[in-house]
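This report refers to the structure that appears directly beneath it.
The values are calculated or read from the model by the stated rules, or taken from the named source; none is laboratory data. Treat the numbers as computed from the prediction; the structure is a model and nothing was measured. Backbone-built Cβ (ideal geometry, glycine too); neighbour counts: all protein chains shown. To get the accessible areas, we keep the full protein, side chains included, count just its heavy atoms, and leave off ligands, DNA and RNA. Shrake-Rupley method; radii C 1.70, N 1.55, O 1.52, S 1.80 Å.
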Amino acid sequence: MSEYITLSMILFTIGAVGVLVRRNAIIVFMCVELMLNATNLAFVSFSRQHGNLDGQLAAFFVMVVAAAEVVIGLAIIISIYRTRRTTSVDDASLLKS
Amino acid sequence: MRASLMSAELPPIPAPEIEYSLLAPLMIIAGAAIVGVLVEAFWPRTTRFAAQTVLACAAIVAALADTVWVYTDLDRIESSLTARGQIAAEGAVSVDGPGVFAWGILLVFGLLSMLLFAERRLDGGLSAFTGRAADAPGSAAEADAVKRRLEHSEVFPLALFALVGMMLFATANDLLTMFVALEVLSLPLYILCGLARRRRLLSQEAALKYFLLGAFSSVFFLYGIALAYGYSGSFELSAIDTAVTSRTGSETMLLASIALMAVGLLFKIGAAPFHTWTPDVYQGAPTPVTAFMAAGTKAAAFMALLRVFFVAFGGSSWDWRPTIVAIAVITMFLGAVVSISQTDVKRMLAYSSIAHAGFLLVGFVGVYAGVAGSDRVTSVSSVLFYLAVYGLSSIGAFAVVTLVRDSGGETTHLSKWAGLGKTSPVLAGSFAVFMLSFAGIPLTGGFIGKWGVFSAAYSGGFWWLVVIGVLVSALAAYFYVRVIVLMFFTDPVGEGPTVAVPSVLTTVVIGVAVVGTVGLGIIPGPLLDLAQHAGAFVR
């Protein structure tokens, strides 16, 4: 069982590093999705370990939330792309103190 | 054959019991948001904005009245001295004193924000939101949208969805509900941030930053939930509490879970070092949305933070208290010091909100639950009172910001505010009241709020933290007083600011905020009693 948890932690870390180092908003967003899926893996593994279905249920909720987040996220990224013709998060830097 | 075998083996699924009368405030707001979406589809465009405004305000007033009714009807819990209320919806929602109190203040903030959303006199008869968000800023399509006087009235249902998310977040009794509530409150706010009519590039950028960082932090929160589930085998806060108290699982997993959930929650309240989004988003978002966010998100997230840490992780408070103390100190200092160097009013208010998150954390780490026969203010009630006062002054301050304008819309550079007190003393006077309340000067609500959180921290044994808190308050007061001096005793530069004449909506918001801020400073008794009466969380 702990192998699955380890894998989920590795995937989560890959996602987190990706968010921090990649500059393209779409890629950053994909890394967040990877982290969400890593969490899902942890949920189902723990569910199996504890022998109840709560964790599997949680995975379904997370999928729905992730889908809703995609809708919002892509809408925001596309609206920025239409103006600036780029999705780099470094170029979006008008707000500085 | 196979199907009948399956049905014979599976246990029956009992229908869940939902306490509709207790949950009615949530359902009114959620229902009104859904009706709002239908109005968007079917109502004629000419009167849609007004219809949405009336629908949103009526729903909030109805929910508020029902919240009062639910609050007066809460049952006392036998096993606890102070807790009142009960667990509803099969353990998903905890309708208890602090939670229903939070509903009340969230609904009041929501109502005031809706009035700011509905203000249309400031920008030539159009709302503060963009006419058609899909158009690129500066394009011909945008000019066409302005010419045709288009307006996004979707902002009202979106705000109602965010409001129901906040209310659920403040009362969620299991971690899965809490996560869903977190997303229901965040997702509409991400969109609302990007909908400003003026300075649309800044607004879109704020939405992008808020979205990416918000999604990132909520994933941390979610992984924390997964580890808490792995540790205890349940999502319910009370079950996690049992596991934490009996120390059954792996210590590492528990600590990792606490840390990850803290990251997600501290991000939402804007505590250092997870505060970096706050100034950018507060500055870029349309000002009515900033007001809604500053007051509502902070209140909801603080209630969730308190609930998670007091109810679920209360048994390991010796593990997390040192870290939270450090974060409280850093947050207070950072917010106070950095706000001194700000030149933009909205950024300044954002850093001030960070400093206030620090003061609230001071009340929180006290973890003072009260003792029988003593009426010393508890951590939960002090935070509740502080949130009410802070939210009220903050909505008022942002309402003032919407009125100080030049040809390009709101003028938020501080130098433009010089001499405001000479041209429009009433407006500058109300802003001064909010500044004094933020600074915690006596006779304003902010003073009583600060007194409450410091008193709770003192009762919890953190006298040295109280000393630091008072010193930082003095430091922060310098800045707030500087703004007042700038408004009243400095000559205006060039033309000086123009103050738009608002409709009755914004006037009411500023009026209520001033009366509330001063009133709670002079007669804090009733609300403080109410907060103290709310008692502890129901487990």
Subset of region B:307-320 that is within 23 Å of the chain's Cα centre (by Cα), surrounded by fewer than 24 Cβ atoms within 10 Å (Cβ to Cβ) and part of a helix (DSSP H, G or I) - its residue that is farthest from the other protein chains (Cβ to nearest Cβ)
B:F310
Please work out if B:F179 is open to solvent by less than 20 Å² (accessible area, probe 1.4 Å), under 18 Å from the mean Cα position of the chain (by Cα) and under 30 Å from B:A228 (Cβ atoms).
yes
If you go through region B:10-27 one residue at a time, do you hit one that is more than 25 Å from B:V383 (Cα to Cα) and open to solvent by less than 20 Å² (accessible area, probe 1.4 Å)?
no
Tally the residues that are within 7 Å of chain B (Cβ to nearest Cβ) and open to solvent by 90 Å² or more (accessible area, probe 1.4 Å), restricting the search to region A:75-85.
1
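Return the residue satisfying two criteria in turn: it lies in region B:40-78 and is of a type in the set (V, I, T) and in contact (Cβ under 8 Å) with a residue 60 or more places away in the chain, and of such residues it is nearest to B:F101 (Cα to Cα). Spell out the reasoning first.
As a first pass, look at region B:40-78 and keep what is of a type in the set (V, I, T): B:46-47, B:53-54, B:60-61, B:67-68, B:70, B:72, B:77.
Keeping just the survivors that are in contact (Cβ under 8 Å) with a residue 60 or more places away in the chain gives B:53, B:60, B:77.
On the way: B:T53: 25, B:I60: 15, B:I77: 17 Å.
It comes out as B:I60.
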B:T331 passes all but one of (1) surrounded by 19 or more Cβ atoms within 10 Å (Cβ to Cβ); (2) more than 26 Å from B:F274 (Cβ to Cβ); which number fails?
(2)
Condition test on B:K422, is it open to solvent by 60 Å² or more (accessible area, probe 1.4 Å), charged (D, E, K, R) and in contact (Cβ under 8 Å) with a residue 40 or more places away in the chain?
yes
Of the residues in region B:194-207, how many are open to solvent by less than 10 Å² (accessible area, probe 1.4 Å) and either at the interface with chain A (Cβ under 7 Å from one of its Cβ atoms) or within 18 Å of the chain's Cα centre (by Cα) (or both)?
4
Please go through region B:489-518 and give me each residue that is touching a Gly at 6+ places or on another chain (Cβ under 9 Å), part of a helix (DSSP H, G or I) and open to solvent by 60 Å² or more (accessible area, probe 1.4 Å), ordered by number.
B:F489, B:V512
If you go through region B:124-141 one residue at a time, do you hit one that is hydrophobic (A, V, I, L, M, F, W, C) and part of a helix (DSSP H, G or I)?
yes
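The rows are residues; the columns are (1) more than 9 Å from chain A (Cβ to nearest Cβ); (2) under 26 Å from the mean Cα position of the chain (by Cα).
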{"position": "B:L189", "(1), (2)": "yes, yes"}
{"position": "B:K209", "(1), (2)": "no, yes"}
{"position": "B:I225", "(1), (2)": "no, yes"}
{"position": "B:T245", "(1), (2)": "yes, no"}
{"position": "B:M261", "(1), (2)": "yes, yes"}
For B:Y458, state whether it is part of a helix (DSSP H, G or I), in contact (Cβ under 8 Å) with a residue 12 or more places away in the chain, hydroxyl-bearing (S, T, Y) and out of contact with any Phe, Trp or Tyr (no Cβ under 7 Å at 6 or more places or on another chain).
yes
Please verify whether A:V19 is under 19 Å from B:F216 (Cα atoms), open to solvent by 60 Å² or more (accessible area, probe 1.4 Å) and within 10 Å of chain B (Cβ to nearest Cβ), treating the condition exactly as stated.
no
Any idea how many residues of region A:50-74 are facing chain B (nearest Cβ under 7 Å) and assigned to a helix (DSSP H, G or I)?
11
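Can we say A:V44 is more than 7 Å from chain B (Cβ to nearest Cβ), within 23 Å of B:Y229 (Cα to Cα) and open to solvent by 50 Å² or more (accessible area, probe 1.4 Å)?
yes
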Given (1) in a helix (DSSP H, G or I); (2) open to solvent by 10 Å² or more (accessible area, probe 1.4 Å); (3) within 11 Å of another protein chain (Cβ to nearest Cβ), number of the condition B:G249 does not satisfy
(1)
Of all residues in region B:342-378, count the ones that are within 18 Å of the chain's Cα centre (by Cα) and of a type outside the set (A, V, I, L, M, F, W, C).
8
Tell me, which residue of region B:81-140 that is surrounded by 21 or more Cβ atoms within 10 Å (Cβ to Cβ) and hydroxyl-bearing (S, T, Y) is nearest to the other protein chains (Cβ to nearest Cβ)?
B:T130
Could you check, for region B:375-396, whether at least one of its residues is farther than 22 Å from B:L106 by Cα and either open to solvent by 10 Å² or more (accessible area, probe 1.4 Å) or among the small types (G, A, S) (or both)?
yes
Taking the condition open to solvent by less than 10 Å² (accessible area, probe 1.4 Å) and within 24 Å of the chain's Cα centre (by Cα), does B:A215 pass?
yes
Residue within region A:53-61 that is under 19 Å from B:L213 (Cα atoms), among the hydrophobic types (A, V, I, L, M, F, W, C) and in contact with a helix residue (DSSP H, G or I) (Cβ under 9 Å, 6 or more places away or on another chain) present:
no
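In this structure, does A:M35 turn out to be within 19 Å of B:L208 (Cα to Cα), facing another protein chain (nearest Cβ under 9 Å), in a helix (DSSP H, G or I) and hydrophobic (A, V, I, L, M, F, W, C)?
Answer is yes for this residue.
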Can you name the residue in region B:142-161 that is open to solvent by less than 40 Å² (accessible area, probe 1.4 Å) and among the small types (G, A, S) and is also modelled with the lowest pLDDT among such residues?
B:A145
Enumerate the pairs (first residue in region B:468-489 and under 16 Å from B:Y351 (Cα atoms); second residue anywhere and of a type in the set (F, W, Y) and surrounded by fewer than 21 Cβ atoms within 10 Å (Cβ to Cβ)) with beta-carbon separation below 7 Å, excluding pairs fewer than 6 apart on the same chain, so at least 6 apart or on different chains.
B:V472/B:F333
